[in-house]
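Asks: What follows is a single structure, and I will ask about it in a moment.
The values are calculated or read from the model by the stated rules, or taken from the named source; none is laboratory data. From a predicted model like this one, the values you see are computed outputs, not experimental measurements. Cβ placement follows ideal geometry from the backbone for every residue including glycine, while neighbour counts extend to all protein chains displayed. The area values use the complete protein model at the heavy-atom level, side chains included, leaving out ligands, DNA and RNA. Shrake-Rupley method; radii C 1.70, N 1.55, O 1.52, S 1.80 Å.
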Amino acid sequence: MKVLIGTGNPAKLAEIREILGEIPGIEWVSAAELNLPEPKEEGKTLEENAIIKAVAYAKHSGLPALAEDTGLEVEALAGAPGVLSSRFSGKEKDYAANNEKLLALLSGKENRRARFRTVACLALPDGRFWTSEGVLEGTIAEEPRGKGGFGYDPLFIPEGESRTLAEMAPAEKNAISHRKRALEGLRPLFLALAKNPELLA
Ligand code: ITT
């Protein structure tokens, strides 16, 4: 059975593919392969946006669709940028500008605690959906370090680590990440779908 991975972000797509790996009976298909439009993320929460994306991708493709929304929540900034993480600097998906803005806002602040939160959603073409959340606690570094990952990874030091996520190998990030934790919550559903495609009927 084909299952769509609904994201317009190639780095995220690669991580999702690696985290989920091979599930016998499921063939992963990307939104780019099907030329699907990116849904508008108009929700007020990560959960709302994850559901909006998964439901839209499932409807447009006619396939079960997985999507997720991720935000960085910084304690000293009252949880910002949160659901606005991709547009923090005002420019959509400008990682360097977002990181610079974050460092500027945290300058001189003692509390650098933050967490990544991911809400993943699996939706069926008939509109049914399920969600799962994953969190990674950590702190914001004083300056960007590392070339791996994407987004805020060069600034994020997971709890118990000295390296940023961008200094880790992909497999190391994917073993502990917010994304991994959220997706593992949906794995039983993928296994059930693969075994019983009639669940779709
Ligand atoms: P899709 O909605 O198409 O999946 P996106 O890049 O817009 O792609 P999000 O809205 O979920 O995805 O992500 C918001 C931003 O949060 C993203 O642009 C990155 O800057 C950041 N981000 C998400 N996941 C991250 C991760 O694992 N590490 C670092 N930054 C991340």
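Asks: Given (1) within 14 Å of the ligand (Cβ to nearest atom); (2) modelled with pLDDT under 95, where does Glu15 come up short, assuming only one miss?
Replies: Among (1) within 14 Å of the ligand (Cβ to nearest atom); (2) modelled with pLDDT under 95, Glu15 violates only (2).
Asks: Among the numbered conditions (1) outside any loop (DSSP other than H, G, I, E, B); (2) more than 14 Å from the ligand (Cβ to nearest atom); (3) open to solvent by 40 Å² or more (accessible area, probe 1.4 Å); (4) in contact with a Lys or Arg (Cβ under 9 Å, 6 or more places away or on another chain), tell me where Ser132 comes up short.
Replies: (3)
Asks: Kindly indicate which of Ala123, Ala182 is under 19 Å from Ala50 (Cβ atoms), open to solvent by less than 10 Å² (accessible area, probe 1.4 Å), among the small types (Gly, Ala, Ser) and away from the ligand (no atom under 13 Å from the Cβ).
Replies: Ala123
Asks: Can Pro125 be described as more than 27 Å from Thr164 (Cα to Cα) and touching a Lys or Arg at 6+ places or on another chain (Cβ under 7 Å)?
Replies: So Pro125 passes the test.
Asks: Restricting attention to segment 78-115, which residues are modelled with pLDDT of 95 or more and among the basic types (Lys, Arg)?
Replies: Lys101, Lys109, Arg112, Arg113, Arg115
Asks: Now, a different point. Given the options Ala120, Ala194, name the one that is touching a residue at least 12 places away in the same chain (Cβ under 8 Å), among the aliphatic types (A, V, I, L, M), farther than 18 Å from Gly79 by Cβ and not in a helix (DSSP H, G or I).
Replies: Going through Ala120, Ala194 in turn, just one is touching a residue at least 12 places away in the same chain (Cβ under 8 Å), among the aliphatic types (A, V, I, L, M), farther than 18 Å from Gly79 by Cβ and not in a helix (DSSP H, G or I): Ala120.
Asks: Right, another one. When you go through Arg179, Arg145, Arg163 one by one, which is the residue that is in a helix (DSSP H, G or I) and not acidic (Asp, Glu)?
Replies: From the options Arg179, Arg145, Arg163, the qualifying one is Arg179.
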